[in-house]
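Below: one structure, written as structure tokens.
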Amino acid sequence: MANYVIHKADTRGKVNWGWLQSAHTFSFGNYYNPERMNFGVLRVINDDTVAAGKGFDRHPHDNMEIISIPLEGDLEHKDTLGNVAVIKQGDIQVMSAGTGIQHSEYNRNSDRLTKFLQIWIFPNKRNVAPRYDQMTMNIDGMKNKFQQILSPNADDEGVWIHQNAWFHLGKFDQGVSSEYNIKSKGNGVYAFVISGKATISGQALSTRDGFGIWDVDNLSITSDAPDTQVLLMEVPMTL
């Protein structure tokens, strides 16, 4: 029998530091909710808006897989591995913090906001060598279907992480239906509606709503509005 959890957009933890506005799906920083700690190995989904020219100063991470997906604007990344890079809408960035890495993230634009999703996943291997990667996604490949953008396999489509996880992203016209089959037994899927509206396995969802489901073999997804964008995150349910 399927199990599920729904996190409506307006129930997320809110942060407003002036230069940063963020909505936290799970407990993070000053937002703590014991019932909202994680979804399996999915630990963080932060929906960040960064003011022009502002950003996160250099700070440390370890033993976490960190994925950033820009939604608007340009985000400049610098780290202690020597990487200096800019990611923009249509890109995906991944960082395996492993034994330890420090990085900074800034809105590179002086005249507009940068919006991005920052997602943290517990790794299945601790103390690995830190690594950084990014790629530009095939936007055309997301039209009315889900495209794989992340997996556990460096030779597979998209970026890769140290975890038995798969991410798929799709952009749908109204009325288009799709199906997603679970890739690894025991995994669940957390769906995040970036824009528009969708019905996923019978649950009606709106922009920025989250829906986690497990103990199923597949999901049905129907777009209920034009330009609906959905991110599917399949992850192990046990830490």
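The values are calculated or read from the model by the stated rules, or taken from the named source; none is laboratory data. No experiment lies behind these values; they were computed from the predicted model shown. Quick reminder, even Gly has a Cβ in these numbers, built from the backbone with ideal geometry, and neighbours come from all protein chains shown. Note: accessible area is taken over every heavy atom of the protein model, side chains too, but ligands, DNA and RNA are not part of it. Shrake-Rupley method; radii C 1.70, N 1.55, O 1.52, S 1.80 Å.
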> Taking the range 12-39 as the region of interest, how many residues are part of a loop (DSSP other than H, G, I, E, B) and not β-branched (Val, Ile, Thr)?
Replying inline: 15
> Looking at the range 169-190, is at least one residue closer than 18 Å to Ile69 by Cβ and surrounded by fewer than 20 Cβ atoms within 10 Å (Cβ to Cβ)?
Replying inline: no
> Only one residue in Asp155, Asp140 is over 20 Å from Ile45 (Cα atoms), among the acidic types (Asp, Glu) and either part of a loop (DSSP other than H, G, I, E, B) or open to solvent by less than 60 Å² (accessible area, probe 1.4 Å) (or both), so which one is that?
Replying inline: Asp155
>> Can you pull out every residue in the range 206-220 that is open to solvent by 30 Å² or more (accessible area, probe 1.4 Å) and either of a type in the set (Asp, Glu) or within 13 Å of Val230 (Cα to Cα) (or both)?
In response: Ser206, Thr207, Arg208, Asp215, Asp217, Ser220
> Looking at Thr228, is it open to solvent by 20 Å² or more (accessible area, probe 1.4 Å), touching a residue at least 12 places away in the same chain (Cβ under 8 Å) and among the hydroxyl-bearing types (Ser, Thr, Tyr)?
Replying inline: no
>> Kindly evaluate Ile161 against the criterion of being of a type in the set (A, V, I, L, M, F, W, C), at pLDDT below 95 and closer than 22 Å to Ile45 by Cβ.
In response: no
> All but one of (1) within 17 Å of Pro130 (Cβ to Cβ); (2) open to solvent by 10 Å² or more (accessible area, probe 1.4 Å); (3) in contact with a strand residue (DSSP E or B) (Cβ under 9 Å, 6 or more places away or on another chain) hold for Thr99; which doesn't?
Replying inline: (3)
> Within the group Asn3, Asn63, which residue is touching a residue at least 60 places away in the same chain (Cβ under 8 Å) and loosely packed, with under 14 Cβ neighbours inside 10 Å?
Replying inline: Asn3
>> Of everything in the range 102-129, what is more than 24 Å from Gly188 (Cα to Cα) and open to solvent by 30 Å² or more (accessible area, probe 1.4 Å)? Give them in sequence order.
In response: Gln102, Tyr106, Arg108, Ser110, Asp111, Arg112, Leu113, Lys115, Asn127, Ala129
> Looking at Leu71, Leu42, Leu75, Leu81, which one is outside the structural domain of Gly212 (by the TED database), open to solvent by less than 50 Å² (accessible area, probe 1.4 Å), more than 13 Å from the chain's Cα centre (by Cα) and touching a residue at least 40 places away in the same chain (Cβ under 8 Å)?
Replying inline: Leu75
>> Consider the range 45-68. How many of its residues are charged (D, E, K, R) and either farther than 22 Å from Trp17 by Cβ or within 20 Å of the chain's Cα centre (by Cα) (or both)?
In response: 4
